[in-house]
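Let me begin by presenting the structure, written as structure tokens, before commenting on it.
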Amino acid sequence: KNFGNLHILTSGSSPVNSAASPISGITTDIDGNTRNAITPDIGAEEFIPGEFSLDINISDGWNLVSFPLTVIDYSKTTLFPTSTSSAFSYDGAYIAQPTLTNKIGYWLKFGSTQTVSMSGSPRLLDTIDVKAGWNLIGSISFAVPTSSIIQIPSDNLVSNFYEFNRGYIPATSITPGKGYWVKVR
């Protein structure tokens, strides 16, 4: 059976943190991160409590993105330094935003296919305020099946959730770091 990504949730403390003795010759963890040379973590993964890391895959050209972590600096140039455009949110029209916020999706253009690494405190759940019509929404730190999203009121959605990958595709899951279109009453 495939159990997926079995990393330690770093949003809090763990009894495995700094609780092992170093083993000669083992200097990196399963992800290639440097292990603490004096008090490594028990197991195959080294981590820092309270810190959560994500990698999102970016295509060359325009991407719908969001920032699914809590950080101190939300400036576009800090969060997405390799973007070649402003960050555009949508509120009946596209609006350039120098500072991003959680819960919102943004259009960003990139000059090449790449992986953007991000770290911060995880966002485990959220409530997103929407307006009648089309909304560009963000994600939390973990994938959420669209079928499990609770609507208030219960019949508010009038469309699927749509992701962008060189065209619009109905989404079955809201994935960390991506932005999505959804139309509501």
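General remarks:
- Candidate values [x] 17.0; [y] 21.4; [z] 18.1, label of the one derived for Kirkwood radius over Cα pairs in Å: [z]
- A Förster radius of 25 Å combined with the Cβ-Cβ distance from Ala19 to Ser53 puts the calculated FRET efficiency at roughly 0.75.
- A straight line joining the Cα centroids of the stretch 20-37 and the stretch 67-114 runs 35 Å.
- Per residue, the accessible area of the chain comes to 58 Å² when a 1.4 Å probe rolls over the protein heavy atoms.
- Per-atom-type breakdown for the chain gives carbon and sulfur 56% of the accessible area (1.4 Å probe, protein chains only).
- Per-residue ellipticity at 222 nm from helix content only, as computed over the chain with -39500 (n - 2.57) for each DSSP H run of at least four residues, stands at -500 deg cm²/dmol.
- Using the Cβ-Cβ distance between Thr99 and Asp126 with R0 set to 22 Å, the FRET efficiency from 1/(1 + (r/R0)^6) comes to roughly 0.75.
The values are calculated or read from the model by the stated rules, or taken from the named source; none is laboratory data. Since the structure is predicted, the reported quantities are computational estimates derived from the model, not experimental observations. Every residue, glycine among them, receives a Cβ derived from its backbone with ideal geometry; neighbour counts consider all protein chains shown. Protein only, heavy atoms only, side chains kept; ligands, DNA and RNA dropped before computing areas. Shrake-Rupley method; radii C 1.70, N 1.55, O 1.52, S 1.80 Å.
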